[in-house]
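Heads up, the thing below is written out as structure tokens.
The values are calculated or read from the model by the stated rules, or taken from the named source; none is laboratory data. Computed from a predicted model, the values in this text were never measured in an experiment. So basically every Cβ, Gly included, is an ideal-geometry build from the backbone, and we count neighbours across all protein chains shown. The accessibility values were calculated without ligands, DNA or RNA, using every heavy atom of the protein model including side chains. Shrake-Rupley method; radii C 1.70, N 1.55, O 1.52, S 1.80 Å.
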Amino acid sequence: MAVDEPVLDARGLRRGEATLDIAMRRGEVVALVGADEQEKTRWLRVLAGLRRSDGGSLHICGEDVLAGRFMPHRKSGYLSAGAPLLSTFDVIANVMLPRLYHFQEAPLEARRHAVQLLQQTGFAAGNVLPAALDRLSSFQAMLARALAMNPALLFVHEPFDITLAPHWNRIEAALLAGTETRALVIATQNLGFVQRHAQRVIFVHDGAVQLFGSWDAFRDGGEAVAAYLAAMPKLFEEDAA
Amino acid sequence: MRSRTFDISTAMGWTGRRTLRLGTYPLDLVVFIGDAFGAWIRRGHVRNRATRRATVSHILLTGLNALPATLLTGLAVGLTLGLPLVPFSSSLGNRQLGEFLMRLLGLEIGPLLTAVIMIGRAGAAMSIELANMKLHGETAALEQLGIDIRDFFIAPRLIAGAVAQLVLATYFTAIALFGGTLLAGRIVSGSGPELVFATIDAIEPVHLLAFVAKNLAFGVIIAAAACHGAVQVTRPPFEVPQRVQRALTAALVLVFLVNAMTALLWL
């Protein structure tokens, strides 16, 4: 696959009445925002190929996702708080697992790669069971696991947990490390992050979906956007400012 | 306030539904087992490193860790049966008593009691582990990573269950048949190992084959019932003890039923 080819190419991708057209290249950050958490999650899963769309076409790294035999995990990573680490495996075993399973890599090699990824994400806790980790370390380990297969595309569902507010800058750094070689689609309410890093914004509201070419275009995006921005919690507004 | 009256049609409906569910459960389980092994073979993960690691660790967990308890129970069962039976060796003769012990202890009670130990230990552990994984979204995480729980989690446990049951039942039966009866003979009449030799003489290849087949089947049934019950867990946390309880009861009932059916084959 050529470097400048889109890693994600969605044309007429449909969920209900809403339709989305987007092409993403490596190094690009696209934010998915909106007040309806469930609808945002559904769109993120549709874009990641984890949920079927109602129509249109979706290609990830040139492969047709809707053809049926596509395996999303081979090309993309998905990170969500609802999909935690395996509680009976220690951190390194959790991060090693995708490579052991899919690549049948030698355990020592998989372990070396896992340790490297954990360092990249800023993970500093020891190799313990997930129950012994604090929330930040848990997030970093989950991010390392999502990156284990060297995905060209990373989908992240709300990493900016309110309880992790003091560590948001570290989460931001971990998410953006290595984005020059991959694209990032992030569903978040952290408008500060969106303003600083997203090249484009997908806005989900009232069963519709709109793509904006920049933060400024999004901010001036009409009544629905204004109502959404006005309703955002103060914390996010301050961060965005 | 609405009064609760006994309604015969509701009661019959309930009985019918329960009977139907009981009748279709073994079929469900067979499909579940076939599905897990099918996924395991289809994806070419027979030699997969991750799956192999999971299988080996579960053989050790379910088999090796239960060994001391199994050996002790085997010796106790051998003594329990040997003490009242050894005095009959003078009237029945060692050969006949040896054959009787081999059939009763070796082919019926040994596998059955090992299976009961397996259900209490490994079955409960497997069921609780998988149910909690399901409840906390860990199985969903595996699916997002493209890891199929059927061939990563369930098939290795079915194999581990079968191997562990066979190994444990072999130890249990050997210690019960030979250790227990030898000890009972010493205690009751101070006799030597003649009864043990007579028991060994009574073993034929078909007995060994039946022993292996029965224990492998028990192991698969226990692991399958445990996993099948656990994957039924949805969201409410109170479902975990309920599903685990049902899974273990189902395993117990199935093992006893299969044992009774195989006993019929010897007639």
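Remarks
- For chain A, the membrane-span-like helix rule (DSSP H, alpha carbon extent of at least 15 Å along the helix axis, mean Kyte-Doolittle at least -0.5) picks out A:135-146; this says nothing about an actual membrane.
- Chain B: calculated mean residue ellipticity at 222 nm from DSSP helix runs of at least 4, using -39500 (n - 2.57): -24500 deg cm²/dmol
- Here region A:106-153 and region B:97-170 have alpha carbon centers that stand 31 Å from each other.
- Counting protein heavy atoms only, chain B has 69 percent of its accessible area on carbon and sulfur, 1.4 angstrom probe.
- Count Lys and Arg as plus one, Asp and Glu as minus one, and take only other residues whose Cβ is under 11 Å from that of A:Lys75; the net charge is then +1.
- DSSP-assigned coil residues among chymotrypsin sites (Phe, Trp or Tyr not before Pro) in region B:192-240, each with at most 10 further Cβ atoms within 10 Å: B:Phe238
- Per DSSP, loop GluC sites (Glu not before Pro) in region A:146-241 with at most 16 further Cβ within 10 Å: A:Glu180
- Dipole axis of the protein assembly as shown (+1 Lys, Arg; -1 Asp, Glu on Cβ), positive-most option in B:Ser89, B:Thr62, B:Ala260: B:Ser89
- Paramagnetic label zone (point 7 Å from Cα along Cα-to-C-beta, A:Ala132; backbone N under 11 Å) in region A:80-109: A:90-91
- Phi angles of region A:79-88 translate, via the Karplus equation with coefficients 6.51, -1.76, 1.60 and θ = phi - 60°, into HN-Hα couplings of 10, 8, 5, x, 10, x, 5, 5, 5, 9 Hz per residue; Gly and Pro are given as x.
- Computed over region A:10-166, Cα set: Rg, Dmax in Å: 16.6, 49
- Association of chains A and B removes close to 1900 square angstrom of accessible area from solvent, both sides included, for a probe radius of 1.4 Å.
- Within chain B, the whole DSSP H helices whose Cα atoms reach 24 Å or more along their own axis and whose mean Kyte-Doolittle score is at least 0.5 are B:67-85, B:155-174, B:205-231, B:239-265.
- With every protein chain in place, chain A: carbon and sulfur % of accessible area (1.4 Å): 51 percent
- Pairs of Cα atoms in region A:1-68 fall into 10 Å distance bins, from 0 up to the last occupied one, in shares of 20, 54, 24, 2 percent.
- In plain terms, the C-alpha convex hull of region B:19-264 casts an average shadow of 14.8 nm² when viewed from every direction.
- Sequence-distant contacts, meaning Cα pairs under 8 Å at least 6 residues apart, place the relative contact order of chain B at 31 percent.
- Fraction of the pair-distance distribution of the protein assembly as shown above 42 Å, Cα-Cα pairs, percent: 37 percent
- Averaged over its residues, the protein assembly as shown has an accessible area of 47 Å² per residue, based on protein heavy atoms and a 1.4 Å probe.
- Orientation-averaged projection of region B:184-267 equals 8.5 nm² [convex hull of Cα atoms, one quarter of hull surface area].
- Relative to the Cα centre, the charge distribution of the protein assembly as shown, modelled as +1 at Lys and Arg Cβ and -1 at Asp and Glu Cβ, gives a dipole magnitude of about 1100 debye.
- Seen through its C-alpha gyration tensor, with square-root eigenvalues sorted a ≥ b ≥ c, region A:91-191 comes out oblate because a/c lies at 1.5 or above while a/b is not bigger than b/c.
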